[in-house]
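Here's the structure we're looking at; comments come further down.
The values are calculated or read from the model by the stated rules, or taken from the named source; none is laboratory data. What you are looking at is a predicted structure, and each value in this text was computed from that prediction instead of being measured. Note: ideal-geometry Cβ built from the backbone for every residue, glycine included; neighbour counts use all protein chains shown.
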Amino acid sequence: MSVEKGESGLAEEAKAKGHHYDATSIQVLEGLDAVRKRPAMYIGDVGMRGLHHLVYEVVDNSVDEALGGFCDEISVTIEQNGSVTVVDNGRGIPVDLHMGTKKPALEVVMTTLHAGGKFDSESYHVSGGLHGVGVSVVNALSAWCEVEVLKEGSIYTQRYESGKPTGPMKSHPAEKGRHGTGTTLRFMPDGATFPDTTFHYDTLAGRLRELAFLNSGLKIRLTDARTGKTHEFVYKGGIIEFVKYLNQNKEALHPKPVTFNRERDNVVVDVSLQYNDSYVESVHSFVNNINTIEGGTHLIGFRTALTRSLVNYAEREGMTKNNKATVSGEDVREGLTAVISVKMQNPQFEGQTKTKLGNSEVKGIVESAVGEGLREYFDENPAVVRRIVDKMLAASRAREAARKARELARRKTILDGGALPGKLADCSLDDPATCEIFIVEGDSAGGTAKQGRDRRFQAILPIRGKILNVEKARIDRVLANEEIRSIITAMGAGVKEEFDAAKLRYHKIILMTDADVDGAHIRTLLLTFLYREFKDLVDNGYVYIAQPPLFLVKSGKEETYCYDEKERDAAITRVGRKNLQVQRYKGLGEMNPIQLWRTTMNPETRTLLRVTSDDAVEADRIFTILMGEQVEPRRQFIEENALAVRNLDV
């Protein structure tokens, strides 16, 4: 028998156990030598993702205080000099003497790998920062770092450079009127480690918004001192509000999300889900507030229970009698928006960046909890369940139709004697790591690209007109579109359940469209298709956008290609007005093959934009707004962003 005390019960337990939070809570496991030599081992990479991970490590410590009931406000500020300040009103890092090292506990926490208060269940009942490396890694990878702890009317400070203290911990009385406890940590990422140390407001906002949703009532404030931009995230409804936010621009099948909370074996399972009329699955899973973007055992348990519950209901109610197609898990999740949040002790993550849960016992716990919650909901809301089942069965029929269409297409290509699309100009090399494919708008530009390319490793696939908007279509309609079929066939990795990344023929998929309104629309349609049907390719960094020049500034024999108005104006100023010619390229076809090669296709001189989706929630929202059924959110988005548009071709 399980007891459903939920998060509030856990918080009270943690408060009772955690009031003795002092130097005896800090355990030292080993030293800190390797972090600066191999930073990617601890933060994933040294690109934008790793840079922002530094902030997440610091904030996660503050959120762990909130999980225990000791903190309800967190402030994150991107300072004008590019550093970041994180402030919380938690208990404050311990500052008393650590007996094992004879140093202040604050210095031990900041300078020793695997030193923290989270290796037992006394100081923290549940937490995301379980490896004890987070804040010390941030310190090690910062040019400088300053910590300020408020405790018992005194302020304790210490400064570090490249992870090493610049002096002993100091203390002084807190200024009049400053009470309570808390930690302030400021750090400047080390330019010797990170090629780019510029923090992005929107990237941080995505993670902080998630944390506010997952911790009902926690107030998180983000401020960008460089621009004056600020936002306060606080959601008293928790993950129910999260699901409503995710579905805000979609037509929900039922007005209220299905929500339940269960606890088994000291694992708290919170689930909220709501179906909409789209064809896209949007499921977000978390463990102790950590976004497990690669899923894990908790997500497997949720999916198994959801599929079994809906299929069993449909069969019991006789709804599958005339449905000739077999229902799959993919059919069950069509149009599903869900948030699964698990709180537990001792989660086993794969890697320090914590993107996948590995605890085998959690699968059964979540599966049992979700099955029970759904059964109760189904008994009380039969009309809603029947709507969901109807959508599920329609999805299974569409998937079966798509399967038959694929089989027919395969038989046809075998009879035709070739598998690749006729308009594909393939490359001669066959190593995917060195090969790239340009998906080009129109036969004219495609012809220019075919003449200008390096045939050894560059393939060209021209597409005609605007492909199908996959945001508004099921997979059977998607696969019936000739242009989309050509793209799928050329890439060679299959689609949906047949997708196999190992069969991908090119590791650079480059979208090359005209720099006008139609070109932007085609590019958006292609990005929507790739994001919705091949998200793994986006996540793995295989998708790029070509950057053809907008202008050619010519004076005599001197030619300068310019990619925006600023570069054009600078070129005009440099060459002067004598024999000046300025050409505006509206289409790729206006360039000859040599010009296209020099500016857009030559790996030595071109600029490519890699497509990433670090904030999956925001990416999903934008695609829904721009490509979905509802007109009002799209109109509002255009009005809000109209002033930021450049190079508008009318």
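So here's what we get for this one:
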| item | result |
| --- | --- |
| Residues that are buried (at least 19 other Cβ atoms within 10 Å of the Cβ) and either farther than 16 Å from D190 by Cβ or at pLDDT 70 or above (or both), drawn from segment 29-39 | V35, P39 |
| Cross-chain or 6+ apart pairs with Cβ under 9 Å, segment 450-463 first and at negative phi, then assigned to a loop (DSSP other than H, G, I, E, B) and of a type in the set (G, A, S) | R455/S428; R456/S428; F457/S428; P462/G442; I463/G442 |
| Residue within segment 535-546 that is assigned to a helix (DSSP H, G or I) and under 23 Å from R606 (Cβ atoms) present | yes |
| Among residues of segment 571-586, those that are modelled with pLDDT of 85 or more and in contact with a Ser or Thr (Cβ under 6 Å, 6 or more places away or on another chain), counted | 2 |
| Filtered residues of segment 585-600 (kept if among the hydrophobic types (A, V, I, L, M, F, W, C), crowded, with 19+ Cβ neighbours inside 10 Å and out of contact with any Gly (no Cβ under 6 Å at 6 or more places or on another chain)) | L588, M591 |
| Residue match in segment 334-344 (condition: of a type in the set (D, E, K, R) and surrounded by fewer than 21 Cβ atoms within 10 Å (Cβ to Cβ)) | no |
| Candidates A143, A174 - the one that is assigned by TED's automatic domain parsing to the domain that holds Q80, in contact with a Ser or Thr (Cβ under 8 Å, 6 or more places away or on another chain), aliphatic (A, V, I, L, M) and within 22 Å of T111 (Cα to Cα) | A143 |
| Of all residues making up segment 601-616, the number that are outside any loop (DSSP other than H, G, I, E, B) and surrounded by fewer than 19 Cβ atoms within 10 Å (Cβ to Cβ) | 4 |
| Count of segment 473-514 residues which are surrounded by fewer than 21 Cβ atoms within 10 Å (Cβ to Cβ) and farther than 30 Å from S428 by Cβ | 7 |
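To keep it simple, each residue is scored yes or no on (1) closer than 21 Å to F286 by Cβ; (2) in a strand (DSSP E or B); (3) touching a helix residue (DSSP H, G or I) at 6+ places or on another chain (Cβ under 8 Å); (4) without any contact (Cβ under 8 Å) to a residue 24 or more places away in the chain.
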residue	(1), (2), (3), (4)
T197	no, no, yes, no
D202	yes, no, yes, no
G206	yes, no, yes, no
R209	yes, no, yes, no
A212	yes, no, no, yes
L222	yes, yes, yes, no
R226	no, no, no, no
T230	no, yes, no, yes
Y235	yes, no, yes, yes
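Yes/no matrix, rows are residues, columns are (1) more than 25 Å from H179 (Cα to Cα); (2) among the β-branched types (V, I, T):
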| position | (1), (2) |
| --- | --- |
| G68 | no, no |
| D72 | no, no |
| T77 | no, yes |
| Q80 | yes, no |
| I93 | no, yes |
| T101 | yes, yes |
| P104 | no, no |
| V109 | no, yes |
| L113 | yes, no |
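Conditions (1) surrounded by fewer than 20 Cβ atoms within 10 Å (Cβ to Cβ); (2) modelled with pLDDT under 95; (3) within 25 Å of the chain's Cα centre (by Cα), marked per residue:
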| residue | (1), (2), (3) |
| --- | --- |
| M41 | yes, yes, yes |
| M48 | yes, yes, yes |
| E57 | no, yes, yes |
| L67 | no, yes, yes |
| N81 | yes, no, no |
| V87 | yes, no, yes |
| H98 | no, yes, no |
